[in-house]
Amino acid sequence: MKIRVRTAPSPTGHLHIGNAQSALYNWLFARKNGGEFHLRIEDTDKVRSTKEYERSILYALEWLGLNWDGEVVRQSQRGIKHRKALEQLIMEGKAFWCNHTKEELEAERKKQEAKKEPPRHICSHRHNTMHYPASSTQRIKDWTLRLALDQNSERKIVFDDIIRGQIEFSVRLLGDFSIARSLDNALYNFAVVVDDSDMEITHVIRGEDHISNTPKQILIYEALGKTPPQFAHLPLILASDRSKLSKRHGGTAVVDYKKDYLPEAIVNFLGGLSYTFSKDILTKEEMIDEFELSKVHKSGAVFDLKKLNWINSQYIKKLSPEKFKKALQQATGRLDDILDAAVPLITERLEKLSDVENFSYLWKEPKYNEKLLKWKKSNFNTSLDILAEVEKIIDDFDFEKGKDELRKVLDEFSGKVGDRGLVYWPLRVALTGKDKSPDPIDIAYVLKKEETLKRVKFALGKIW
RNA sequence: GGCCCCAUCGUCUAAUGGUUAGGACGGCUUUCUUUCAAGAAGCAAAUAGGAGUUCAAUUCUCCUUGGGGCUGCCA
């Protein structure tokens, strides 16, 4: 049987980092096994779902390069299917209407908690089938459709999680859980089962936070007369306080990372967070090759920005000038005229794309406080005097001879001065306006002779 | 409270019934350097606790502890 998996984000926010990892593992599993990877938008919560978020999610998935197969399925368009399934269960007496009020349910729960019993609703008045007007799209106040379960059953729902092994739950502890607000308003657990079943999903690979939904879903599959898929529950991505990474931690939307990170780096990082590949840096193709679902880790992993930064820097270093400029434009929307010769100087040291601003002296004149020109082991005037000498040397120097030659000439001059810092420091500042930068001579060769001299002259106050 | 999941350096993790418990990020040191965010070399850093099985346990079992998730007429 062909493997079919899906990822099912709900458009109540941007694509979350955790969903992205889950999508990635689904994708890897499908690609590895010649299966299909589907995308379903769970937009049944009409109040919180927006088209904007849906677009954002699709965009994020595309950005990461997690291409899906077939059409996007929207849960909101599957109402009829849900309704049919609901009606089937009512007909067969496997579901019933409950009209306990919220207050009653709450009181029941409180009582149970006080008695240290599992919180659940055991319904005493089960209204069967057609009490509810089947044609109405209106919801009758307080009426809820629940799955009819034997509350005296000793049965346990057991399933083999591909990642975690056998997990079991007592049916009794579930209570008569709800499956729909009305015939036209199926609840999550029910909609998921009907959709996964119709989509012929063979493996449900999702976050650990869904483990406790699984027995309910298995029971729904049974009631519907369908065979449940295989389940695999991924570990959660944790914030540094080891709680589930959530909105309150900030920086949890994939799109937040676009301005600083290469999509390849994000994918690499997320992939390696809960799975051990043979090396730290590897392509998606290599990941597909090595991936085995059962080898995904069980314990949650803390999202470590430092490691992401490092991975990102590794990818940036490998970028050609062409690709670097393209990536920069994609990430930040900027279109600076960065010379190809300048790119290696930047990529060598860049961790985050937006930090490219720190290297702006490579394509535009720097602004700085002239006091910075003073070498720490000397005084301001001497620093300028030496810089004036350096200006002459550069002016006399033929750039065609190469940067090594220039370095030699300046080193010789340094020897005479007796302090290399006194020679190189003011030059660095004149060219970059910064106290740290790549080798000033490398920079001079990017700027070319004319611009180099111009900046030195500016530093010396010869031009304003 | 109830149910469920998890447990090796700060973080991500490797390993095997017998190893000096390995690697990566980060940190620190040294080196290179005018400086540094780069490079090179190196150092520190972990099997939560207690029983049991065994010649031998970090590894297998149980308990405890700790952390997390779920506990909606949200998804």
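Nothing in this text is a laboratory measurement; each read-out follows from the coordinates by a stated rule. Values in this document were obtained by computation on a predicted structure and should not be read as measured data. Note that each Cβ is placed from the backbone with ideal geometry, even for glycine, and that neighbours are counted across all protein chains shown.
For the range A:287-404, taking Cα atoms only, Rg and Dmax work out to 21.7, 69 Å respectively. Charge tally for A:Met199 (other residues, Cβ to Cβ under 9 Å; Lys, Arg +1; Asp, Glu -1): -1. On C-alpha positions alone, give me the angle between the axis of helix A:79-91 and the longest principal axis of chain A, in degrees, nearest 10. That helix lies at roughly 30 degrees to the long axis.
With axes computed from alpha carbons, what is the tilt in degrees of helix A:380-396 against the longest principal axis of chain A, rounded to the nearest 10 within 0 to 90? Around 80 degrees separate the two axes. Net charge in the neighbourhood of A:Glu113 (other residues with Cβ under 13 Å of its Cβ; Lys, Arg +1, Asp, Glu -1) is +3.
Just to be sure I understand: of the beta bridges DSSP finds with both ends in chain A, what percent are antiparallel, rounded to 5? Taking every DSSP beta bridge within chain A, about 55 percent pair in antiparallel fashion. Cross-link list A:Lys317/A:Lys377; A:Lys258/A:Lys318; A:Lys46/A:Lys116; A:Lys408/A:Lys457; A:Lys46/A:Lys259; A:Lys247/A:Lys352: which exceed 25 angstrom alpha carbon to alpha carbon? Violating the 25 Å limit, Cα to Cα: A:Lys317/A:Lys377; A:Lys46/A:Lys116; A:Lys46/A:Lys259. Using the Cβ-Cβ distance between A:Gln151 and A:Ser243 with R0 set to 30 Å, the FRET efficiency from 1/(1 + (r/R0)^6) comes to roughly 0.35.
Of all lysines in the structure, the ones whose alpha carbon falls short of 20 Å from that of A:Lys216, not counting any fewer than 8 places away in one chain, are A:Lys81, A:Lys84, A:Lys94, A:Lys156, A:Lys226.
For the range A:76-216, report the translational diffusion coefficient in µm²/s to the nearest whole number, using Stokes-Einstein at 10 °C, 1.306 mPa s, and a Kirkwood Rh over Cα pairs. Walk me through the numbers before you get to the answer.
On the way: Rh = 16.4 Å.
It comes out at roughly 97 µm²/s.
Computed from Cα atoms, the angle from the helix A:420-432 axis to the main principal axis of chain A rounds to 60 degrees.
Net charge near A:Arg428: determine it from the other residues with C-beta under 13 Å of the C-beta of A:Arg428, scoring Lys and Arg +1 and Asp and Glu -1. For residues surrounding A:Arg428, the net value is +3. Stokes-Einstein diffusion of the range A:301-369 at 37 °C, 0.692 mPa s viscosity, Kirkwood radius from Cα pairs, rounded to a whole number: 257 µm²/s. Listed by chain and number, the lysines whose alpha-carbon sits under 16 Å from that of A:Lys295, ignoring those within fewer than 8 places in the same chain, are A:Lys32, A:Lys279. For chain A, the direction-averaged projected area of the alpha-carbon convex hull comes to 30.0 nm².
Taken as Cα centroids, the range A:281-359 and the range A:364-441 sit 33 Å apart, rounded to the nearest whole angstrom. Taking 0.36 nm per residue of sequence separation and removing the Cα-Cα distance, the A:Lys279/A:Glu292 pair yields an extension gain of 3.2 nm.
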